[in-house]
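Each value in this text was obtained by applying a stated rule to the coordinates, not by laboratory testing. These numbers were taken from a predicted model, which means no experiment stands behind them. As a convention, Cβ positions derive from the backbone with ideal geometry for all residues, glycine included, and neighbour counts pool all protein chains shown.
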Amino acid sequence: MSMAEAWRFLNQATFGATEADAQQVIDIGTEDWIEQQIGQPASLQLPYLNTLPVPDRAPQLQPDRVDSWFRNVVDGPDQLRQRVAFALSQIMVVSEVGALRQAPYGLAGYYDLLVENAFANFRELLEDVTLHPSMGVYLSMLGNQRADPDRNISPDENYAREMMQLFTIGLVELNLDGTVRTDALGEEIPTYDQDIIEGFARVFTGWNYAEGANFNRARRTLTTQIMPMELYPDYHSTESKQLLNGERLSEGQPGEQDLEDALDNVFAHPNVGPFIATRLIERLVTSNPSPGYVRRVA
């Protein structure tokens, strides 16, 4: 491997490298370098924030959270992990704009989740993201309730739509190489319809901040904004739920089981591999990957 090739590799796999880093890649090769990076402990934001005084106003801590991010991506030894986490943060997006500006610990915890899951199984990552209260606030799964016609309440469809469209399978069916599948008439094949959206929306009911005396008294605190959301069964829909690929959840299942089954259903969809592979390649390697490249990664 030449020095130029080493630099090119490190420009894709890190946030910035030194001549010593490039020489190390030349000496040990890219595969051993990647194995070493996978073994590096994760550089996280929450441990740093927890050393600081709790501010009078939560948004005052946001600059410290951003400072922690810069410290980790510039100086952290786990460069590849940080690059992958940054790519994931552009796919499974939350934002400090709006309600989450009041939850700096939650935002730090969410990013730490991506860092810790950078090399993990995608199914595990999907569940952790789904149950994190920062995602719950951002895409309104937190506080989502079963249907109550008398009070004009119906399950919120926001997370159900975004989870499928942006996080996992996209809008149309794909071949393994990321190209779009078509039917006998040459038309694109949608991955889901309104019945499926409503089915997943019912799956994602009954979840709120943990440790609440009840659903309506669950609150954001310094601890609950970083804890996985908790199910409050009385607010979870017990109706049957239409999922992908013709699968349907039986009525009356516990909410935790509904969630597990629904995420398994999404994870098993053949779009997941090429959909996620394309987005990671675009953010880590090249903006226009060939179908062959997508197939090899997927």
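Expressed as a whole number of Å, what is the distance separating the alpha-carbon centroids of the range 15-81 and the range 145-176? Answer, in whole Å: 34. In a simple Cβ point-charge model (Lys, Arg +1; Asp, Glu -1; nothing else charged), the chain has a dipole of about 680 debye relative to its Cα centre. Neighbour counts of other Cβ atoms within 10 Å put H236, H269 in the fewest-to-most order H269, H236. 3J(HN,Hα) couplings calculated from phi for the range 184-198 with the Karplus curve 6.51 cos²θ - 1.76 cosθ + 1.60 (θ = phi - 60°) are, in sequence order, 4, 9, x, 8, 5, 9, x, 7, 8, 10, 5, 4, 5, 4, 5 Hz; Gly and Pro show x. Of the residues G98, Q45, T30, the one whose Cα sits farthest toward the positive end of the charge dipole of the chain, with +1 on the Cβ of Lys and Arg and -1 on the Cβ of Asp and Glu, is G98.
Restricting the trypsin sites (Lys or Arg not before Pro) of the range 1-82 to loop positions (DSSP other than H, G, I, E, B) with no more than 12 neighbouring Cβ atoms within 10 Å leaves R57. Here's how it looks for Y232: its modeled amide H is under 5 Å from those of W207, N208, which are all 5 or more places away or on a different chain. For V172, the residues whose modelled amide H falls within less than 5 Å of its own, excluding neighbours fewer than 5 places apart on the same chain, are T191.
Provide the net charge surrounding I189, with neighbours chosen by a C-beta distance below 9 Å and charges set as Lys +1, Arg +1, Asp -1, Glu -1. My count for the surroundings of I189 gives -3. Scanning the chain for GluC sites (Glu not before Pro) lying in DSSP loops with no more than 11 further Cβ atoms inside 10 Å, the longest uninterrupted stretch between such sites is 1-186.
Equivalent ellipsoid of the range 52-147: semi-axes from √(5λ) of the C-alpha gyration tensor, largest first, are 22, 20, 9 Å.
Of D128, D183, D150, the sequence from fewest to most neighbouring Cβ atoms within 10 angstrom is D150, D183, D128. Computed from point charges on the beta carbon alone (+1 for Lys and Arg, -1 for Asp and Glu), the dipole magnitude for the range 121-298 about its Cα centre is near 640 Debye. Among residues other than S290 with Cβ under 10 Å from its Cβ, the summed charge is +1 (Lys and Arg +1, Asp and Glu -1).
Projection of the Cα convex hull of the range 121-298, averaged over all directions and equal to a quarter of that hull's surface, yields 11.9 nm².
For the chain, modelled as a GNM with alpha-carbon contacts under 10 angstrom, which of L52, L263, L249 fluctuates the most? Sorting by GNM fluctuation, first place goes to L52. Among Q23, Q165, Q225, determine the one that fluctuates most according to a GNM of the chain built with springs between C-alpha atoms less than 10 Å apart. So, out of Q23, Q165, Q225, the one fluctuating most is Q23. Evaluating 6.51 cos²θ - 1.76 cosθ + 1.60 at θ = phi - 60° for every residue in the range 224-234, the Karplus couplings come out as 6, 6, 10, 8, x, 4, 10, 7, 10, x, 5 Hz, glycine and proline recorded as x. Going from the fewest other Cβ atoms within 10 Å to the most, the residues M227, M92 appear in the order M227, M92. In the chain, the calculated helix contribution to ellipticity at 222 nm averages -13500 deg cm²/dmol per residue, counting -39,500 (n - 2.57) for every DSSP H run with n ≥ 4.
Along the range 172-179 the Karplus relation, 6.51 cos²θ - 1.76 cosθ + 1.60 evaluated at θ = phi - 60°, assigns HN-Hα couplings of 10, 5, 10, 7, 4, 8, x, 6 Hz to successive residues, with x for each Gly and Pro.
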